[in-house]
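The values are calculated or read from the model by the stated rules, or taken from the named source; none is laboratory data. These numbers were taken from a predicted model, which means no experiment stands behind them. Glycine also receives a Cβ, built like all others from the backbone with ideal geometry; neighbour counts cover every protein chain displayed.
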């Protein structure tokens, strides 16, 4: 049975993060900067600029996510942090219309991206990443954690389309479905303190 461990993404884990992000899908070109930029800003950046932005974000802290390791190999990543630091969220109509939480509340955190290297998919990494993200957010003062997963309805989907995570993964972690702002997209919420 493989051993899965998780660690927050810090500067000394930069090479591990890059390994996790570059194992298939859009992680290598996105550098998980998409959630923190507006559409206009996104269109004006290159992959090297996004890489520099992620490196600076990690150096500035707090860490914007968690790295999963499978038997010591950096195998996956999840972005989690205050919604106030993820500029795309209030500008995304389906999220803005579905949430009941104010966007200026720093105690509301969001899970916005999952990446798992191709060779490690199907081994339970997303569930472990989400568990670690909830623990990290809770320790960091989150009151509420939101997610915006895909409801696959049991159908097979391309991995690149599942970077938001799946509804099943969030529900298994104790999140509650709050709204279905469009077919196949759901807003989920977990209250971690009142």
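Is it the case that some residue within segment 130-145 is buried (at least 22 other Cβ atoms within 10 Å of the Cβ) and either farther than 27 Å from residue 23 by Cβ or modelled with pLDDT under 95 (or both)? Among the residues of segment 130-145, at least one is buried (at least 22 other Cβ atoms within 10 Å of the Cβ) and either farther than 27 Å from residue 23 by Cβ or modelled with pLDDT under 95 (or both), which makes the answer yes. Does segment 19-36 hold any residues that are assigned to a helix (DSSP H, G or I) and either touching a helix residue (DSSP H, G or I) at 6+ places or on another chain (Cβ under 8 Å) or surrounded by 20 or more Cβ atoms within 10 Å (Cβ to Cβ) (or both), and which are they? Within segment 19-36, 20, 21, 27, 28, 29, 30, 34, 35, 36 meet the criteria. Taken together, the criteria exclude residue 59 from residues that are modelled with pLDDT of 95 or more, within 19 Å of residue 163 (Cβ to Cβ) and not in a loop (DSSP other than H, G, I, E, B).
Out of segment 154-182, which residues are loosely packed, with under 14 Cβ neighbours inside 10 Å, farther than 19 Å from residue 129 by Cα and touching a residue at least 24 places away in the same chain (Cβ under 8 Å)? Across segment 154-182, the qualifying residue is only 182.
Yes or no: residue 94 modelled with pLDDT under 95, over 28 Å from residue 56 (Cα atoms) and either touching a helix residue (DSSP H, G or I) at 6+ places or on another chain (Cβ under 8 Å) or surrounded by fewer than 23 Cβ atoms within 10 Å (Cβ to Cβ) (or both)? When the stated conditions are applied, residue 94 passes them.
With respect to the conditions (1) farther than 24 Å from residue 43 by Cα; (2) touching a residue at least 40 places away in the same chain (Cβ under 8 Å); (3) out of contact with any strand residue (DSSP E or B) (no Cβ under 8 Å at 6 or more places or on another chain), residue 139 falls short on a single one, namely (2). Could you tell me whether residue 151 is touching a helix residue (DSSP H, G or I) at 6+ places or on another chain (Cβ under 8 Å), more than 22 Å from residue 57 (Cβ to Cβ) and in contact (Cβ under 8 Å) with a residue 40 or more places away in the chain? The answer is no for residue 151.
Note on segment 69-187: enclosed helices (runs of 4 or more DSSP H) holding 1 or more residues that are within 15 Å of the chain's Cα centre (by Cα) and over 23 Å from residue 36 (Cβ atoms) are 125-139, 167-172. Buried (at least 16 other Cβ atoms within 10 Å of the Cβ) and in contact (Cβ under 8 Å) with a residue 60 or more places away in the chain, is that true of residue 120? Considered against the rule, which asks whether it is buried (at least 16 other Cβ atoms within 10 Å of the Cβ) and in contact (Cβ under 8 Å) with a residue 60 or more places away in the chain, residue 120 comes out as yes. If you check 62, 2, 48 for being surrounded by fewer than 16 Cβ atoms within 10 Å (Cβ to Cβ), farther than 24 Å from residue 176 by Cβ and under 16 Å from the mean Cα position of the chain (by Cα), only one passes: 62.
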